1. Would you work out which of Leu121, Leu79, Ile108 lies farthest towards the positive end of the dipole of region 52-121? Charges go on Cβ: Lys and Arg +1, Asp and Glu -1.
2. What does the charge add up to near Ala69, with Lys and Arg as +1, Asp and Glu as -1, over the other residues with Cβ less than 13 Å from its Cβ?
3. Suppose every Lys and Arg Cβ carries +1 and every Asp and Glu Cβ carries -1, with no other charges. What dipole size does region 1-151 come out with about its Cα centre, to the nearest 20 debye?
4. Name the residue from Ser93, Trp20, Phe181 whose Cα lies farthest towards the positive end of the charge dipole of the chain, charges +1 on Cβ of Lys and Arg and -1 on Cβ of Asp and Glu.
5. Ile5: net charge of surrounding residues, Cβ under 15 Å, Lys/Arg +1, Asp/Glu -1, itself excluded?
6. Rolling a 1.4 Å sphere over the protein heavy atoms, what is the accessible area per residue of the chain, to the nearest Å²?
7. Between the alpha-carbon centers of region 135-196 and region 101-129, tell me the distance in whole angstrom.
8. Projected onto the charge dipole of the chain (+1 at Lys/Arg Cβ, -1 at Asp/Glu Cβ, origin at the Cα centre), which of Ile151, Asn30, Ile53 gives the Cα projection farthest towards the positive end?
Amino acid sequence: MPKNIKYYLAAYNLVAFIFWLAYLCSFMANGFALSPTGLLLLNIAQGLAVLEIIHALLKWVKSPVASTAAQVASRLLVLALINIFTKNELFVSVISKGVFICSLVWGITELVRYSFYLLSLFNKQPSFLLWMRYTFFIVLYPLGVTGEWFILAGPVVTHAVSSKAYIVFISIMAIAYVYYFPMLYKYMWKQRSLKL
């Protein structure tokens, strides 16, 4: 890997790690609730992931483009809904469980992942971090999907939203999750068997 790409990826992983750490600290300091500052940090931290699709397309990383794009897209969709729903107090209480779960799961996952990638670029990752990277997903991935569904479907289940268009949208998303979740989860298990 050319040095300029290696240093760019190192800088990217460090910046992403810092924003996730800042978000998680803000979220916990605010009593495990979103504050305006926390929402801004979450938007930046999660928004940076769009670059990972580009990294995969350019083959700067070994991640498959399709699964990277699917995962980033689902997270950005959930993030967009968080931004929309938090503008209305009614929805804040409806999606609060999902925001709580996603914040902790995404935060832990990304802190481990970005520190792992950063240190891997310099062949300095400790064995405990390798184990965390390829073991935590076993619990965190299904929990994250659960949190995302509290946000996606919560407004429909609680009748806060009864729009037919939103119900159709949720149905399409359910089909996408049923298709992609097993594929991505299986991919992580495969990676675990290769790495550990």
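The values are calculated or read from the model by the stated rules, or taken from the named source; none is laboratory data. On a predicted model such as this, the values are computed, not experimentally measured, just so you know. Because the Cβ atoms are built from the backbone with ideal geometry, glycine has one as well, and the counts that use them run over all protein chains shown. Protein only, heavy atoms only, side chains kept; ligands, DNA and RNA dropped before computing areas. Shrake-Rupley method; radii C 1.70, N 1.55, O 1.52, S 1.80 Å.
1. Final value for the positive-end residue is Leu121.
2. Around Ala69, the surrounding residues sum to 0.
3. Working: 10 positive and 4 negative charges, 101 e Å.
The calculation lands at about 480 debye.
4. About the Cα centre, the residue reaching furthest to the positive side is Phe181.
5. On the way: positive: Lys3, Lys6, Lys59, Lys62; negative: Glu52.
Charge balance near Ile5 sits at +3.
6. Values: 10560 Å² over 196 residues.
Value for the chain: 54 Å² per residue.
7. Centre-to-centre distance over Cα atoms comes out at 21 Å.
8. Ile53
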